[in-house]
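Undergrad: Attaching a single structure in structure tokens format; questions to follow.
Taken together, the values in this text are just the output of simple stated rules run on the coordinates, not laboratory data. Remember, predicted model here, so these are calculated numbers, not experimental data. Heads up, the Cβs are rebuilt from the backbone with ideal geometry, glycines too, and the neighbour counts pull from every protein chain shown.
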Amino acid sequence: MAHAAYFKSAIDELMAREAIRDCLYTYARGIDRADEVSLRAAYWPDGTDDHGPYSGSASGFVDWAMKTLPYIERGIHQIHNVLIEFKETGAAVESYFSAFQRQPGADRTLQEFDMKGRYHRTRWRMAYFEPEGRF
């Protein structure tokens, strides 16, 4: 594999790819463990998120999510098929996810959600985040 022109060596490119994957996994771990520090670490300070019923700043998304996440009895997010394309402006990243959540509904009975979709990232940490899929 020839390394992208943006890197001095193939090792530098591989390290950048791993840093991006680590960001994705940090996000998934943060969601599953209701870990606010991990969630904030996955976004740039000026990042945005368009996530189902929420659309706005990444910081606002984390605040919004932390109101719900502690009540999720079981949360499992898996990231797969990570495609990373380096460009002059950063990295275009596309990945797929499978997620399972079990949590109390408005009537306090347990509800189960089986979600699948695609994440889009335009920079190494999540500058803009918009999952596509069934929610």
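Undergrad: Using the Cα centre of the chain as the reference point, and only Cβ charges (+1 on K/R, -1 on D/E), how large is the resulting charge dipole? Debye, rounded to the nearest 20.
TA: On the way: 17 positive and 20 negative charges, 36 e Å.
The dipole magnitude comes to about 180 debye.
Undergrad: Restricting the count to DSSP beta bridges whose residues both fall in segment 10-134, what percent are antiparallel, rounded to a multiple of 5? Each step should come with its number before you reach the end.
TA: Details: 31 of 34 bridges.
Roughly 90 percent of the beta bridges in segment 10-134 run antiparallel, per DSSP.
Undergrad: Additional query: Kirkwood Rh, Cα Rg: Rg to Rh for segment 10-134? Intermediate values should be presented prior to the final figure.
TA: Values: Rg = 14.8 Å, Rh = 15.0 Å.
We get a ratio of 0.99 for segment 10-134.
Undergrad: Same structure again: Once segment 27-95 is represented by equal point scatterers at the alpha-carbon sites, with solvent omitted, what log10 I(q)/I(0) does the Debye formula produce at q = 0.16, 0.27, 0.28 Å⁻¹?
TA: For segment 27-95 at q = 0.16, 0.27, 0.28 Å⁻¹, log10 I(q)/I(0) is -0.63, -1.29, -1.31.
Undergrad: Among Ala91, Ala106, Ala65, whose mean-square fluctuation peaks in a Gaussian network model of the chain (Cα, cutoff 10 Å)?
TA: Ala106
Undergrad: When a footprinting reagent is the concern and you count Cβ atoms within 10 Å, what order do Val62, Val37 take, fewest first?
TA: Working: Val62 20, Val37 9.
With the sparsest Cβ surroundings first, the list reads Val37, Val62.
Undergrad: What are the trypsin sites (Lys or Arg not before Pro) within segment 1-46 that DSSP puts in a loop, where the Cβ has at most 13 other Cβ atoms within 10 Å? All intermediate terms of the calculation are to be shown ahead of the outcome.
TA: Values: sites: Lys8, Arg17, Arg21, Arg29, Arg33, Arg40; in loops: Lys8.
Answer in residue order: Lys8.
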